[in-house]
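Asker: Take a look at the following structure, please.
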Amino acid sequence: MSDLDAPDAAAQPANQVSTIPVEARPYQGLRAGIVTRVLANLIDVAVVTLVLASGYVGWMAIRFLRGPTAFTLPPVSPLVTVILIGLWVQGLYFGLAWMTTGRTYGDHVMGLRVVNASGRRLRPWGAAARAAFCVAFPIGLFFVVVNRKNRSVQDVVLRTSVIYDWTVRMESKEQTET
């Protein structure tokens, strides 16, 4: 596939308006580089941090409402526990996002999508495997810098790609299973 045979924005019928910015059209369907991927991942880490912080505040609010006179803040869990919970939530977030839409919020902001070797959304096991691999071995992302095809270690091993894709895709169940 020539950079995953992405749909060419220029191939649209004349009566349709493209949602892809003019400046981005030459990059549509090409594999993403290190800067865009790192920025998307930083956004995703911020999202997960916000989710974890919101969960903690919500838990404290429930504890306060159950017994306001006896309420005290519990001691913060050891750093290792917090990190492990954060990694678990990050993996769950990645897996669900890649399985359903092919993109996390960070990917959406940066115009990226994770696809399988045939350019389609990842199947559930593929999304889960990629999520676990990305969380367990995040440094593998930097292989993009030396790989001529802009592929991370996770991409090479699992036969996936991260491409520039600003379109909204509506895939049927049959399309994702083939």
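The values are calculated or read from the model by the stated rules, or taken from the named source; none is laboratory data. Bear in mind that the values here come from a model prediction, so they are computed numbers and not experimental data. Reconstructed Cβ throughout: ideal geometry from the backbone, glycine too, with neighbour counts over all protein chains shown. Protein only, heavy atoms only, side chains kept; ligands, DNA and RNA dropped before computing areas. Shrake-Rupley method; radii C 1.70, N 1.55, O 1.52, S 1.80 Å.
Asker: Conditions: (1) within 20 Å of Val114 (Cβ to Cβ); (2) at pLDDT 80 or above. Val22 meets all but one. Number of the miss?
Answerer: Val22 satisfies all of (1) within 20 Å of Val114 (Cβ to Cβ); (2) at pLDDT 80 or above except (1).
Asker: Here's a follow-up. Consider Gln154 carefully, then state whether it is assigned to a helix (DSSP H, G or I), among the polar types (S, T, N, Q), within 14 Å of the chain's Cα centre (by Cα) and within 22 Å of Leu50 (Cα to Cα).
Answerer: Values: assigned to a helix (DSSP H, G or I): yes; among the polar types (S, T, N, Q): yes; within 14 Å of the chain's Cα centre (by Cα): yes; within 22 Å of Leu50 (Cα to Cα): no.
Judged against the criteria, Gln154 is not a match.
Asker: What's the number of the only condition in (1) over 14 Å from Arg31 (Cα atoms); (2) at pLDDT 95 or above; (3) aliphatic (A, V, I, L, M); (4) out of contact with any Phe, Trp or Tyr (no Cβ under 9 Å at 6 or more places or on another chain) that Val145 fails to meet?
Answerer: For Val145, the exception is condition (1).
Asker: Further question: Every residue in segment 91-135 that is more than 29 Å from Ile20 (Cα to Cα) and not small (Gly, Ala, Ser), please. Talk me through it step by step, then tell me what you get.
Answerer: If we filter segment 91-135 for residues that are more than 29 Å from Ile20 (Cα to Cα), which is where we start, we get 91-92, 125, 128-129, 132-133, 135.
Leu92, Trp125, Phe133, Val135 - these are the residues of segment 91-135 that are more than 29 Å from Ile20 (Cα to Cα) and not small (Gly, Ala, Ser).
Asker: A follow-up question, please. Here is a check on your reading of the model: is Ala128 assigned to a helix (DSSP H, G or I), crowded, with 20+ Cβ neighbours inside 10 Å and at negative phi? Working first, answer last.
Answerer: Values: assigned to a helix (DSSP H, G or I): yes; crowded, with 20+ Cβ neighbours inside 10 Å: no; at negative phi: yes.
When the stated conditions are applied, Ala128 does not pass them.
Asker: Condition first: at pLDDT 95 or above and out of contact with any Lys or Arg (no Cβ under 8 Å at 6 or more places or on another chain). Now tell me which residues in segment 111-122 satisfy that.
Answerer: none
Asker: Right, next: For segment 74-94, which residues satisfy the criterion of being open to solvent by less than 80 Å² (accessible area, probe 1.4 Å) and closer than 17 Å to Ala46 by Cβ? I'd like the intermediate steps shown before the answer.
Answerer: Residues of segment 74-94 open to solvent by less than 80 Å² (accessible area, probe 1.4 Å): 74, 77, 81-82, 86-87, 89-91, 93-94.
Within segment 74-94, Val82, Gly86, Leu87, Val89, Gln90, Gly91, Tyr93, Phe94 meet the criteria.
Asker: Kindly indicate the residue of segment 95-112 that is part of a helix (DSSP H, G or I) and of a type outside the set (A, V, I, L, M, F, W, C) and also surrounded by the most Cβ atoms within 10 Å (Cβ to Cβ) among those meeting that condition. If you could, list the steps in order and put the result at the bottom.
Answerer: Step one: filter segment 95-112 for residues part of a helix (DSSP H, G or I), giving 95-100, 105-110.
Remaining after also requiring of a type outside the set (A, V, I, L, M, F, W, C): 95, 100, 105-108.
Details: Gly95: 22, Thr100: 12, Tyr105: 16, Gly106: 24, Asp107: 26, His108: 17.
Among those that are part of a helix (DSSP H, G or I) and of a type outside the set (A, V, I, L, M, F, W, C), it is Asp107.
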